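I have placed the structure first, in the form of structure tokens, so that the comments after it can refer back to it.
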Amino acid sequence: MTHSVRITVNGEAYEGDVEPRALLVQFLREQLGLTGTHVGCVVGECGACSVLVDGVLVKSCLMLAVQANGREVTTIEGLRRGGRPHPVQEAFVNGFALQCGFCTPGFVMAAHALLARNPNPTEEEIRRDLSSNLCMCTGYVQIVEAVKSVGSDPGTGRHRGQTPERGDSTP
């Protein structure tokens, strides 16, 4: 038995049939081919599968695809705007905040969610919000610094280090 779902992913509506116990991460990867969302622990501990559902950070290994029916999902692939990486993605690359890259999509999504709520978080707030994600390769120092570098400049409203010609400044 399958269930029909209609899920908007990265701004595009998708319809399909899913098994009742299919995880959202499986739907994204296997049915839609969006492999940027990684499958790590499958018990909600590592955060590699983090996505936004209706703007809220969720671990897609803990959500059934049928629970996302009628909802808006944003994956790591959906952060790009105008063919350019999102400022958080750029900060991770420029700040050497990754090594093997397996955990990176989840960290980027968690950082994006934090910055959407709080454009200028303290280091303590960054560490607290990113504590739901695990990295086995790198120290968290570079990850925290990357997120700090993207916070909004109160004087301009733009992300730190972003010039007007580089595009949208919303996290």
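Any chance you could count how many residues in region 5-34 are surrounded by fewer than 18 Cβ atoms within 10 Å (Cβ to Cβ) and either assigned to a strand (DSSP E or B) or of a type in the set (Ser, Thr, Tyr) (or both)?
8
Among the residues of region 46-56, is there at least one that is assigned to a loop (DSSP other than H, G, I, E, B), hydroxyl-bearing (Ser, Thr, Tyr) and not assigned by TED's automatic domain parsing to the domain that holds Cys135?
Narrowing region 46-56 to residues assigned to a loop (DSSP other than H, G, I, E, B): 46-49, 54-55.
Then keep just the ones that are hydroxyl-bearing (Ser, Thr, Tyr); that gives none.
Checked region 46-56: no residue is assigned to a loop (DSSP other than H, G, I, E, B), hydroxyl-bearing (Ser, Thr, Tyr) and not assigned by TED's automatic domain parsing to the domain that holds Cys135.
Would you check if there is a residue in region 65-73 being of a type in the set (Gly, Ala, Ser) and touching an Asp or Glu at 6+ places or on another chain (Cβ under 7 Å)? Give the steps one after another, and end with the answer.
Applying the first criterion (of a type in the set (Gly, Ala, Ser)) to region 65-73 yields 65, 68, 70.
Right, trim to touching an Asp or Glu at 6+ places or on another chain (Cβ under 7 Å) and you get none.
So far as region 65-73 goes, no, none of its residues is of a type in the set (Gly, Ala, Ser) and touching an Asp or Glu at 6+ places or on another chain (Cβ under 7 Å).
Can you tell me which of Gly47, Gly83 is modelled with pLDDT of 95 or more and either of a type in the set (Asp, Glu) or on the phi > 0 side of the Ramachandran plot (or both)? Before you say what the answer is, go through the steps one by one.
Working: Gly83 fails: modelled with pLDDT of 95 or more.
It is Gly47.
Among the residues of region 86-103, write down those that are without any contact (Cβ under 8 Å) to a residue 24 or more places away in the chain and either of a type in the set (Lys, Arg) or buried (at least 20 other Cβ atoms within 10 Å of the Cβ) (or both).
The answer is Gln89, and nothing else.
Within the bounds of region 19-26, is there any residue that is more than 27 Å from Leu115 (Cβ to Cβ) and of a type in the set (S, T, N, Q)? Before the answer, list the steps.
If we filter region 19-26 for residues that are more than 27 Å from Leu115 (Cβ to Cβ), which is where we start, we get 19-22, 26.
Within this subset, residues satisfying the condition of being of a type in the set (S, T, N, Q) are 26.
Yes, region 19-26 contains at least one residue that is more than 27 Å from Leu115 (Cβ to Cβ) and of a type in the set (S, T, N, Q).
The values are calculated or read from the model by the stated rules, or taken from the named source; none is laboratory data. These numbers were taken from a predicted model, which means no experiment stands behind them. Please note: Cβ atoms are built from the backbone with ideal geometry, for glycine as well, and neighbour counts cover all protein chains shown.
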